[in-house]
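Accompanying notes for the structure given below.
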Amino acid sequence: MSGMERCRVMLEAARIIREQREEIATMETINNGKSIFEARVDIDISWQCLEYYAGLAGSLAGEHIQLPGGSFGYTRREPLGVCVGIGAWNYPFQIACWKSGPALACGNAMVYKPSPFTPISVVRLAEIFTEAGVPKGLFNVVQGGAATGQLLCQHPDVAKISFTGSVPTGMKIMEMAAKGIKPVTLELGGKSPLIIFSDADLENAVKGALMANFLTQGEVCCNGTRVFVERKILDTFTKEVVKRTQKIKIGDPLLEDTRMGALINRPHLNRVQGFIKQAKEQGAEVLCGGDLYVPDDPKLKNGYYMRPCVLGNCKDDMTCVKEEIFGPVMAILPFDTEEEVLERANATKFGLAGGVFTRDIQKAHRVVAALKAGMCFINNYNVSPVELPFGGYKSSGFGRENGRAAIEYYSQLKTVCVEMGDVESAF
Ligand SMILES: NC(=O)c1ccc[n+]([C@@H]2O[C@H](COP(=O)([O-])OP(=O)(O)OC[C@H]3O[C@@H](n4cnc5c(N)ncnc54)[C@H](O)[C@@H]3O)[C@@H](O)[C@H]2O)c1
Ligand SMILES: O=CCc1c[nH]cn1
């Protein structure tokens, strides 16, 4: 298909998703456990992603380069072939759109493997693509776990792998990709810093800290889980954060007013609880939450719910400050100077995201320029406009999703050199 033809099909897929927003959001809530309120936002970002790449599909082009003597060259932007997408369980539908959007826009096929913990909604995406006119077999869903993922990565017909998941799995994927000389995009974990200066708008900074930590039960890769607060406002900020955290409505994720649903599964809930226990042993203070939550509704009593947790008295060398918890656990850390906080913010193996709240615009830009992270926020956190590239530095991975940048990762450039004169032979 031409770019414009692909554009039309993708726009139709985006339209169907938009039309079926409620049904898909409900499916995603059941799939993952996140609140319906949030699932709707995920679905909106998903159709916006397909719309965005539909828009780019028609304008993909190479360039013409004039050479001496009337000769010239040109480049063609060509698809890679069959791309494999492997997704995590926290944003099942959205991750599949972030991968399939640019992949299909560039003319590739995709075989997608969702996490076995959230197998459902991606199947609906495949059906929607077919309804929209995507040729049969162009977007395929294969269910399974690690073994299936390995088979896909090692398959000789696979041209590219795009992976979203943990750092340890990312390493394995990269090894397999290396053996097949396959390009790979790795969207991995994080332990991102959020820096709150004393001149920040306190109301926005508090809202930002909650957005940075408690969406999707805290199971968000780019969460700003290390909240550095300038000492002058530590007490006021902490009190306000704790007050609002305690008000978060936990429970049945399908209810309209629920803002925090259930964690993904029992082992993960136990793991998160283990981090909190260890934090206490290492001297952190639980300022609120951290315990299990049992909803009144008897049918939910065995659900994987916990109260969102704010940890005070944290030190940089504590496990809860160094490791990705991937649950609703915020660590608050005081700081005194810009120089000091930057050094501490960057002292991590991860580099996915970072944020700063301040009214001083020069300071804001200076700080984000110094942060070693791929996705930085000024005076907000965890918004995901599809127009902006997203991806990590350091162990958080490489390659970018979203924005024009993703086109580079789903296409290859062919150069054609055209001679308009005679061959000047050396022989
Ligand atoms: N950077 C991002 O955009 C982003 C987004 C969401 C989640 N994440 C990260 O994902 C992690 C949580 O997700 P998870 O627990 O599903 O991660 P995971 O690494 O356990 O699994 C991710 C996917 O990889 C598959 N997989 C597991 N082992 C494999 C192997 N050996 N070969 C091929 N595939 C394999 C899984 O079945 C799943 O589909 C967190 O670390 C989080 O930060 C990152
Ligand atoms: O979990 C990390 C951020 C994200 C959201 N959608 C896809 N990735």
Quiz item: In the range 39-97, which residue that is part of a loop (DSSP other than H, G, I, E, B) and aliphatic (A, V, I, L, M) is farthest from ligand 1 (Cβ to nearest atom)?
Solution: Leu67
Quiz item: Taking into account only those residues within the range 98-111 that are under 14 Å from Leu125 (Cα atoms) and in a helix (DSSP H, G or I), which is nearest to ligand 2 (Cβ to nearest atom)?
Solution: Trp98
Quiz item: For the range 277-289, does any single residue satisfy the condition of being surrounded by 17 or more Cβ atoms within 10 Å (Cβ to Cβ) and either without any contact (Cβ under 8 Å) to a residue 12 or more places away in the chain or within 25 Å of the chain's Cα centre (by Cα) (or both)?
Solution: no
Quiz item: List pairs: first in the range 13-25 and farther than 13 Å from Glu131 by Cα, second part of a helix (DSSP H, G or I) and among the basic types (Lys, Arg), Cβ under 7 Å, 6+ apart or cross-chain?
Solution: Arg21/Arg40; Ile24/Arg124; Ala25/Arg40
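Table: residues versus (1) surrounded by 21 or more Cβ atoms within 10 Å (Cβ to Cβ); (2) within 13 Å of ligand 2 (Cβ to nearest atom); (3) hydroxyl-bearing (Ser, Thr, Tyr).
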{"position": "Thr348", "(1), (2), (3)": "yes, no, yes"}
{"position": "Thr358", "(1), (2), (3)": "yes, no, yes"}
{"position": "Ala370", "(1), (2), (3)": "no, no, no"}
{"position": "Phe377", "(1), (2), (3)": "yes, yes, no"}
{"position": "Asn380", "(1), (2), (3)": "no, no, no"}
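Residues are listed down the side, and each one gets a yes or a no for (1) at pLDDT 95 or above; (2) within 16 Å of ligand 2 (Cβ to nearest atom); (3) of a type in the set (Asp, Glu); (4) within 16 Å of Val321 (Cβ to Cβ):
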position	(1), (2), (3), (4)
Lys179	yes, no, no, no
Pro183	yes, no, no, no
Gly190	yes, yes, no, yes
Phe197	yes, no, no, no
Leu210	yes, no, no, no
Phe214	yes, yes, no, no
Practice problem: Could you tell me which residue of the range 130-169 is nearest to ligand 2 (Cβ to nearest atom), considering only residues that are among the β-branched types (Val, Ile, Thr) and more than 16 Å from Lys113 (Cβ to Cβ)? | Solution: Val167
Exercise. Please tell me if Ile65 is touching a strand residue (DSSP E or B) at 6+ places or on another chain (Cβ under 9 Å), within 16 Å of ligand 2 (Cβ to nearest atom) and either at pLDDT below 95 or not charged (D, E, K, R) (or both).
Key: no
Quiz item: Within the bounds of the range 133-143, is there any residue that is near ligand 1 (Cβ under 7 Å from one of its atoms) and outside any strand (DSSP E or B)?
Solution: no
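The values are calculated or read from the model by the stated rules, or taken from the named source; none is laboratory data. All of these numbers come straight from a predicted model, not from anything done at the bench. Neighbour counts are summed over all protein chains in view; Cβ atoms, including those assigned to glycine, are modelled from backbone coordinates with ideal geometry.
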